[in-house]
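Readers should treat all values here as calculations from the given coordinates under stated rules, not as data from a laboratory. This is a predicted model, so every value here is computed, not measured. Here Cβ is always computed from backbone atoms with ideal geometry, including for glycine, and neighbour counts include all displayed protein chains.
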Amino acid sequence: MARVPPGAVEQTARLGRVLPRRWQVRNPSDKFAKLGRVLAAGGAGEAYLALVSHWDDAESVVLDAGALESWAWPPTTWPALGV
């Protein structure tokens, strides 16, 4: 999915203009790229980070950024779902 150019996704999405406005997708190339990152994730933790992150490498965007700290990370703090 990473090899599909954003322009191709945008052109394909334009075909959906015949659909009602509520079914049309905004920013289809961004959503397509995010879906690709989620599908490429190596597990639930990586998929979660791909879903909630705005950038692939946030440390390169924020100066002096450290490791991810969140109430939802690491996955060992997640409740057992009984699956």
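Shape of the range 1-43 from its Cα gyration tensor (a ≥ b ≥ c, root eigenvalues): rounded if a/c is under 1.5, otherwise prolate when a/b > b/c, or oblate?
Note, shape of the range 1-43 comes out oblate.
Stokes-Einstein D for the chain at 37 °C, 0.692 mPa s, Kirkwood Rh over Cα pairs, in µm²/s?
Translational D for this selection: 214 µm²/s.
May I ask you to compute the full-extension gain from ALA41 to ASN27, defined as 0.36 nm times their residue separation minus their alpha-carbon distance, rounded to one decimal in nm?
2.9 nm
Suppose R0 equals 22 Å. What FRET efficiency, 1/(1 + (r/R0)^6) with r the Cβ-Cβ distance, do MET1 and ASP64 give to the nearest 0.05?
Plugging the Cβ-Cβ distance into 1/(1 + (r/R0)^6) gives 0.10.
Can you find, among LEU51, THR12, ALA2, the residue sitting farthest towards the positive end of the charge dipole of the chain, where Lys and Arg contribute +1 and Asp and Glu -1 at Cβ?
Ranked along the dipole, the leading option is THR12.
How far is it, in nm, from the label point at ALA80 to the one at GLN11 when both lie 7 Å from their Cα along the line to the Cβ?
The two pseudo-label positions are separated by 5.3 nm.
For a footprinting-style exposure proxy, rank VAL9, VAL61 by other Cβ within 10 Å, fewest first.
The fewest-first ordering by Cβ neighbours comes to VAL61, VAL9.
Based on DSSP loop calls and a cut-off of at most 16 other Cβ atoms within 10 Å, the longest stretch of the chain free of exposed trypsin sites (Lys or Arg not before Pro) is what?
The longest such stretch corresponds to 27-83.
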